[in-house]
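Working notes, beginning with the structure itself.
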Amino acid sequence: GASLAAAWNQRRLNKEIYNTIAGLTLTAAPSYLLTVPAGTYWVTVDGPAWRVGSHKIGLSNNAGTSVFVQGTPEYSGVMAVSTNRSQLSSVVAVAAVAAPASWTLWHYTELANADAKALGYPCHLGATVERYGRITIVRLI
C-alpha cells in the first residue's frame with residue numbers, strides 16, 4: 001500500500017500460515033490485530049519498502065501507534081533513477097507478555113509514496129500469493 005510522510009503506517013496482517021500457540025489469534029480488517037496470550041516469545045518481523053527514503057518496521061501494543069520494538073533502519077531510495085528495488089527492515093526480539101495483548105504491525109517511512117507498491121513491490125510470478133509484512137512468533141515459556 002501507499003505510505004505517509006514521517007509517519008508510522010499500519011501494515012495489514014491478513015493471513016495466518018501456521019499456528020500452534022493456543023490463544024493466538026489474527027483479526028483481519030479493519031484492525032489487523034494479532035492477539036497473543038501471556039507468555040514469553042521469540043519474535044521476528046520484517047517488511048519491505050520502496051521509494052520512501054529512510055524506513056523501519058515496528059510492532060505496537062494494543063493497536064496504538066506507540067511502537068514497542070523497532071526494526072533495522074533502512075534506505076529504499078526516492079526516485080526511479082536511484083533504485084527500483086525494495087529494501088527490507090527487520091527485527092528480532094524477545095517479548096514477555098504478562099496478560100493477553102493485541103499487537104499491530106507498523107512501518108515508519110520518511111517520505112510519502114502514493115504508489116500502491118510503497119510497502120511491497122510485487123513480483124507478479126503467476127498465481128503465487130504476495131506477502132509483504134511477516135511476523136514469526138515462537139513461544140519460549
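The values are calculated or read from the model by the stated rules, or taken from the named source; none is laboratory data. As the structure is a computational prediction, the values presented were derived from the model and not from experiment. Here the Cβ is made from the backbone with ideal geometry for all residues, glycine too, and neighbour counts use every protein chain on show. What goes into the accessible areas is simple: the full protein's heavy atoms, side chains included, and nothing from ligands, DNA or RNA. Shrake-Rupley method; radii C 1.70, N 1.55, O 1.52, S 1.80 Å.
Okay, here's what the table says:
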| quantity | calculated |
| --- | --- |
| Residues that are of a type outside the set (Val, Ile, Thr) and in a strand (DSSP E or B), drawn from the stretch 107-130 | His107, Tyr108, Asn113 |
| Extreme residue, nearest to the chain's Cα centre (by Cα), among residues of the stretch 103-129 that are β-branched (Val, Ile, Thr) and either closer than 19 Å to Thr25 by Cβ or surrounded by 11 or more Cβ atoms within 10 Å (Cβ to Cβ) (or both) | Thr104 |
| Identity of the residue in the stretch 27-86, of a type in the set (D, E, K, R) and open to solvent by 30 Å² or more (accessible area, probe 1.4 Å), that ends up modelled with the lowest pLDDT | Arg85 |
| Members of the stretch 8-36 that are more than 16 Å from Gly133 (Cβ to Cβ) and touching a strand residue (DSSP E or B) at 6+ places or on another chain (Cβ under 7 Å) | Ile21, Leu24, Thr25, Thr35, Val36 |
| Any hit, the stretch 130-140, residues being at pLDDT 90 or above, surrounded by 13 or more Cβ atoms within 10 Å (Cβ to Cβ) and more than 17 Å from the chain's Cα centre (by Cα) | yes |
| Condition met for Ser90 (of a type in the set (Ser, Thr, Tyr) and open to solvent by less than 40 Å² (accessible area, probe 1.4 Å)) | no |
| Test set (1) of a type outside the set (A, V, I, L, M, F, W, C); (2) in contact with a His (Cβ under 9 Å, 6 or more places away or on another chain); (3) open to solvent by 40 Å² or more (accessible area, probe 1.4 Å) - Lys15 fails condition number | (2) |
